[in-house]
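The values are calculated or read from the model by the stated rules, or taken from the named source; none is laboratory data. Only a predicted model underlies this, so the values are computations on that prediction, with no experimental measurement involved. Neighbour counts are summed over all protein chains in view; Cβ atoms, including those assigned to glycine, are modelled from backbone coordinates with ideal geometry. When the accessible area is computed, the model is the full protein with side chains, heavy atoms only, and any ligands, DNA or RNA have been set aside. Shrake-Rupley method; radii C 1.70, N 1.55, O 1.52, S 1.80 Å.
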Amino acid sequence: MKTVNHWIGGKTVEGASGNYGPVTDPATGEVTTQVALASADEVDAAVRVAQEAYQTWGQSSLAARTKVLFAYRALLDANRDAIAELITAEHGKVHSDALGEVARGLEIVELACGITTQLKGELSTSVSNRVDVAAIRQPLGVVAGITPFNFPAMVPMWMFPLAVACGNTFILKPSEKDPSAANKLAELASEAGLPAGVLNVVHGDKVAVDALLAHPGIAAVSFVGSTPIARHIHTTASANGKRVQALGGAKNHMLVLPDADLDAAADAAVSAAYGSAGERCMAISAVVAVGAIGDALVEKIRERAEKIKIGPGNDPSSEMGPLITAAHRDKVASYVKGAADQGADVVLDGTGYTVDGFEKGHWIGLSLLDNVKTDSDAYRDEIFGPVLCVLRAETYEEGVALINASPFGNGTAIFTRDGGAARRFQLEIEAGMVGVNVPIPVPVGYHSFGGWKDSLFGDHHIYGNDGIHFYTRGKVVTTRWPDPSEGHIGVDLGFPRNH
């Protein structure tokens with residue numbers, strides 16, 4: 001059986017703990033790989049390697065860093081398919097989704113290539129008598145990233161390219177459910193010329209995570225995952241004196257007004273709810289239909305959802321793949337099975353779905369729940385699967401109040417032809433990312449990604465300007481130099497004396 005080991009100091013390092021976790025092909029249900037699970041001692045060894053590398057990398061020139069990043073970007077581009085194949089094999093998403101994930105990660109690498117303009121400081125001259133003040137930004141040291149299973153390439157690339165571009169060294173702890181993409185990213189970075197120890201990959205479970213959160217040699221921690229774990233990461237790492245950005249879960253709403261193009265809204269709802277099998281924090285999981293359009297909108301969504309082809313991710317005809325594990329599949333199915341008892345109309349029930357020839361895969365079909373109540377489990381919880389809830393509201397104000405009452409505030413969208421309503425929505429809604437006739441408003445790389453309320457713990461969003469500020473700290477330098485005419489100082493430059 002294949003074993004995925006750690007990547008430390010520019011090379012593969014075999015696991016020493018003796019503990020391994022299974023990696024499953026979601027389409028077949030078969031365990032294809034085992035991944036080494038690091039002990040606290042192995043995490044400490046990785047941190048020491050990163051600390052040593054920082055002594056040189058942290059002092060390297062911007063030209064040297066960006067040269068590596070430009071080469072890295074070219075290698076990632078040339079290896080898109082290979083990375084996507086690893087994602088499909090271990091996560092299960094279809095190849096086109098996996099390629100899209102790599103493309104979004106590349107955006108941040110491209111931003112890191114232009115880090116020179118982002119790290120420029122500020123200078124004020126003559127703030128007082130021959131006194132100048134300069135503001136500069138410097139790297140933190142060794143920083144860590146803990147990333148989720150649903151985007152095993154993109155989310156790591158949201159973190160480490162900016163971190164190393166800013167002069168830090170990085171330790172990545174990817175999900176143990178689909179670890180191979182992380183190693184591939186690190187190997188390509190080494191091939192691009194990134195010095196040994198600047199980017200390290202340590203695989204593991206809670207033991208490794210807790211060791212990272214407690215280690216005094218780590219200055220900052222980035223995290224993307226569920227809200228309970230994000231809260232734990234923030235509380236624990238902050239208590240240990242670390243800077244933290246912890247992105248949590250979501251329950252993203254799409255408000256559809258009576259004047260909206262219902263065909264466009266239905267298309268958007270299907271792609272945003274069921275794409276990548278709903279395993280993404282920016283998925284639309286709740287549609288709020290305003291006024292009398294609800295029945296027509298639900299019917300249009302149903303018609304489209306029934307046509308989605310589900311199958312293995314490496315089948316070019318598949319539009320949606322399996323879920324990551326059998327346990328997660330069963331948990332998602334439980335929300336659908338309990339929906340009717342909690343007042344919902346089950347328009348589509350995908351819980352009995354299987355694929356011929358792949359009966360042991362982690363399959364689930366598309367589910368559509370109408371007239372969902374706000375106190376039901378299917379609405380309150382982040383399901384993280386292909387389940388779309390439809391709620392009804394009589395007015396725009398009622399719909400906005402419903403959305404703002406949610407404890408989550410990651411992303412939201414409005415579908416309307418009314419510019420005034422859209423402008424009002426983007427100002428009144430309590431969420432960090434807003435789409436206007438755009439169902440999944442993930443910002444481009446040079447803006448920042450992050451939510452409000454229980455969707456974000458910490459002060460900084462991820463990537464963009466917030467990401468650069470997170471991975472650097474400011475320093476202000478105030479200087480005063482005596483004028484050469486104020487007496488003999490060092491070499492006599494021949495300036496006239498002023499008495």
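Pick out the one residue from Ala53, Ala84 that is within 30 Å of Pro386 (Cα to Cα) and either of a type outside the set (D, E, K, R) or open to solvent by 50 Å² or more (accessible area, probe 1.4 Å) (or both). Spell out the reasoning first.
Values: Ala53 fails: within 30 Å of Pro386 (Cα to Cα).
The unique qualifying residue is Ala84.
The sole residue among Ala246, Ala230, Ala211, Ala250 that is open to solvent by less than 10 Å² (accessible area, probe 1.4 Å) and in a helix (DSSP H, G or I) is Ala230.
For Lys337, state whether it is in a loop (DSSP other than H, G, I, E, B) and either under 21 Å from Leu255 (Cα atoms) or in contact with an Asp or Glu (Cβ under 9 Å, 6 or more places away or on another chain) (or both). Taking the combined requirement at face value, the residue does not satisfy it. Going through (1) over 16 Å from the mean Cα position of the chain (by Cα); (2) part of a loop (DSSP other than H, G, I, E, B) one by one, Cys281 falls short only on (1). Filter segment 37-50 for residues that are in contact (Cβ under 8 Å) with a residue 40 or more places away in the chain, out of contact with any Ser or Thr (no Cβ under 7 Å at 6 or more places or on another chain) and not aliphatic (A, V, I, L, M); which is most open to solvent (accessible area, probe 1.4 Å)? My answer is Arg48. Within segment 95-102, at least one residue is assigned to a helix (DSSP H, G or I), acidic (Asp, Glu) and open to solvent by 40 Å² or more (accessible area, probe 1.4 Å).
Determine whether segment 287-302 contains at least one residue that is outside any loop (DSSP other than H, G, I, E, B), in contact with a Gly (Cβ under 8 Å, 6 or more places away or on another chain), within 21 Å of Thr351 (Cα to Cα) and touching a residue at least 24 places away in the same chain (Cβ under 8 Å). No, there is no match, as no residue in segment 287-302 is outside any loop (DSSP other than H, G, I, E, B), in contact with a Gly (Cβ under 8 Å, 6 or more places away or on another chain), within 21 Å of Thr351 (Cα to Cα) and touching a residue at least 24 places away in the same chain (Cβ under 8 Å).
Consider segment 425-463 and keep the residues that are surrounded by 16 or more Cβ atoms within 10 Å (Cβ to Cβ) and free of Cβ contacts under 8 Å to residues at least 24 places away in the same chain. The one that is nearest to Gln245 (Cα to Cα) is Ser448.
Scanning segment 406-423 for residues that are touching a residue at least 24 places away in the same chain (Cβ under 8 Å) and charged (D, E, K, R) returns Arg417, Asp418.
So that you can scan it fast, the table gives a plain yes or no per residue for (1) assigned to a helix (DSSP H, G or I); (2) among the polar types (S, T, N, Q):
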{"position": "Ala82", "(1), (2)": "yes, no"}
{"position": "Ala112", "(1), (2)": "yes, no"}
{"position": "Ser126", "(1), (2)": "no, yes"}
{"position": "Val133", "(1), (2)": "no, no"}
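Just so you know, in segment 303-325 the residues that are in a loop (DSSP other than H, G, I, E, B) and among the small types (Gly, Ala, Ser) include one that is most open to solvent (accessible area, probe 1.4 Å), and it is Ser317.
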